[in-house]
Amino acid sequence: MSDTIMLGDSPLTLETVYQVAHGAKILMGDKARERVQKARDLIEEKAAGDVPVYGVTTGFGALAEVKVAPDQLKALQRNLILSHSAGVGRPLSRPETRAMMLLRAQTLSEGHSGIRPKVIDLVLTMLNRGVHPVIPEKGSVGASGDLAPLAHLALGMLGEGQAEFDGEIMPALDALRRASLQPLELEAKEGLSLVNGTQAMAAVGTMALLSAEHMCKMADVAGSMTLEGLKGIPAAFDQRVQDVRPHPGQSTSAKNLRRMIEGSSCANGQSANRVQDPYSLRCMPQVHGATRDALKYARDVFEREINSATDNPLVFADEGDVISGGNFHGQPLALALDFAAIATAELGNISERRVEQLVNPTLSGLPPFLVPESGIHSGYMMAQVTAASLVNENKVYATPASIDSIPGSASREDHVSMGMTSARKLREIVTNVEAIMAVEVLCAAQAIDLQKPETLGKGTSAAHEQVRGAIPHLDGDRLLSRDIEAVLTLERKGTIVKAVEESIGELD
């Protein structure tokens, strides 16, 4: 049990979410259990009283003024889950679903929702036994939080809808029974507490944000390989240049680049006729660094959010109050996600421009499209075109979703965040940037081969060796999609970055 994470003992981090998303076990700690029970006692008191409490003794949204009789409170909560399970589209991935389940349990464990501890226990036990509700990814407008995706999560807890268990999609009731679990019967407020909040956009966003952070390291690795392949000029990475414009990310990227190429005989292209490189090489610290700073802002927002109470109404047991508010509104995440999407797209944008520097013989001084006997062979011509296509697609995805708002619930919910759309767009941009950078790594490795350097930088050499261990030098045309996919696998497994860090120490 030493490897089990205790919910409520300490704040979640994005890394903790990642661990649970990929199988780590989790239980609720005693302090959290006490908080949850105390809030539940107050809700039961309110449910038995005569004063209307939103979502406890009333309807929802535009029906908030409709009082519900005591004998209908259970039906009210169940009907909420059924009616709100209106999602469409492909299901969330297993890691995204697990992250969402964890984050829902986390916000409930804050003790401001008023549900029974057994509700959280069921979510965590489903996680630990591998019962994952099928959650369509579309249907949320980001306020009152991610209603539709969260309803589909709750639906699985009721034994309704579908769930994945042991790699098989089946009726949720069958999945629960195969895991020796009983479906949940909802009590007062519990249905509402399960659907109010930002956990879908937070889950998808967390997984995408972690991948985007990894791509910042890959951008420095790929860029240093391209610099070597083009005999670039490293002077622009001098720490003095960074010190007079002290953006943290810029300094970090410049430091990584210097460490990558240290000891190179190739990255020293300055001459009487060439004193500075194109922007896509010279400005790597400024561009990569700006993305790092944007993602740092997004991380700060996310780590606050995933440790927050996002329910409505919120229960304050110590004061005996139940207060309707707006903590379910996804605007903080939506803005951060759109910012992260724009910033991550820029990693792909500048990477594709470096690919052009590599394959264009008038810019590189190397054989056209990096292949001998060009004309008979097309080399990496279409690889650059593929990268350009993905850059174009990212320009569409980078358009902010948070600038739009379409009212719902008879205009009671008259401003929404569209944060789930922002999260899904970031995910797509990250996927595209991974592929763009795979093209750059392939082309850069080929250019390095053609330069035949006496020595490469220590970090660049480690990256080049990993690529060549998986993909041979391109002597003539072959199926490039396989090569791109092979580099993508190295990127996503962290193999290239790990090899570099084993050679020169951890990248910042």
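The values are calculated or read from the model by the stated rules, or taken from the named source; none is laboratory data. Not measured: the values here are computed from a predicted model. Please note: Cβ atoms are built from the backbone with ideal geometry, for glycine as well, and neighbour counts cover all protein chains shown. All accessible areas refer to the heavy atoms of the entire protein, side chains included, with ligands and DNA or RNA removed. Shrake-Rupley method; radii C 1.70, N 1.55, O 1.52, S 1.80 Å.
Quick notes on this structure:
- Heavy atoms of K138: accessible area, 1.4 Å probe, square angstrom to 10: 90
- Bridgeable aspartates and glutamates around K452 (alpha carbons under 12 Å apart, same-chain partners fewer than 8 residues away excluded): E228.
- With 21 Å as the limit, the listed pairs K189/K425; K217/K493; K138/K217; K31/K118; K67/K189; K255/K458 have K189/K425; K138/K217 beyond it between alpha carbons.
- Interchain or long-range residues, amide H under 5 Å from E413's placed H: G408
- Built amide H within the under 5 Å cut-off of A163, gap 5+: V134, M170, A172
- Taking each residue as 0.36 nm, the span from D121 to K138 lengthens on full extension beyond its C-alpha to C-alpha distance by 3.4 nm.
- Per residue, the chain exposes an accessible area of 41 Å² to a 1.4 Å probe, with every protein chain left in place.
- Sequence ranges 438-448, 409-419, ranked by mean other-Cβ count within 10 angstrom, highest first: 438-448, 409-419
- The modelled label-to-label distance for the pair E465/S265, using points 7 Å beyond Cα in the direction of Cβ, is 1.8 nm.
- Amide hydrogen proximity for G197: with H placed 1.01 Å from N in the peptide plane, the residues at 5 or more positions away or on another chain lying under 5 Å are G145, D146.
- For the chain: relative contact order, % (alpha-carbon pairs under 8 angstrom, 6 or more apart): 17
- Cα long-axis angle, helix 284-305 against the chain (0 to 90 degrees, to the nearest 10): 10
- FRET efficiency estimate (nearest 0.05) - Cβ-Cβ, D41 to E393, R0 41 angstrom: 0.20
- Backbone HN-Hα couplings from phi across the stretch 331-336 [Karplus 6.51/-1.76/1.60, Hz, Gly and Pro as x]: 4, x, 6, 4, 5, 5
- Length added when fully stretched, A179-R492, from 0.36 nm per residue minus Cα-Cα: 109.5 nm
- Directionally averaged projected area (convex hull, Cα atoms, the stretch 420-508), nm²: 7.0
- Helix 199-229 axis, angle to the chain major axis (alpha carbon atoms, nearest 10°): 10
- Cα-based helix-to-principal-axis angle, 419-451 vs the chain, degrees rounded to 10: 20
- When you restrict to C-alpha pairs under 8 Å that are six or more residues apart and normalise by the size of the stretch 303-353, the relative contact order lands at 25 percent.
- Carbon + sulfur, % of accessible area of the chain - ligands and nucleic acids excluded, 1.4 Å: 52
- Per-q log10 I(q)/I(0), the stretch 180-224, q = 0.34 Å⁻¹ (Debye; single scatterer per alpha-carbon; no solvent): -1.06
- The gain in end-to-end length when the S411 to V241 segment is fully stretched comes to 55.9 nm, 0.36 nm per residue minus the alpha carbon separation.
- Cα lying deepest toward the dipole's positive end in the chain, options G476, Y397, V497, charges on Cβ: G476
- Summary value for the stretch 228-311: 40 percent relative contact order, contacts being C-alpha pairs under 8 angstrom separated by 6+ residues.
- Using just its DSSP H runs of length 4 or more, each adding -39500 (n - 2.57), the chain gives a mean residue ellipticity at 222 nm of -18500 deg cm²/dmol after division by all residues.
- In order along the stretch 374-388, phi translates into HN-Hα couplings of 4, x, 5, 10, 9, x, 9, 3, 6, 4, 5, 5, 4, 4, 4 Hz, rounded to whole numbers, per the Karplus curve 6.51 cos²θ - 1.76 cosθ + 1.60 with θ = phi - 60° and x for Gly and Pro.
- A quarter of the convex hull surface defined by the alpha-carbon atoms of the chain gives 26.0 nm² as the mean projection.
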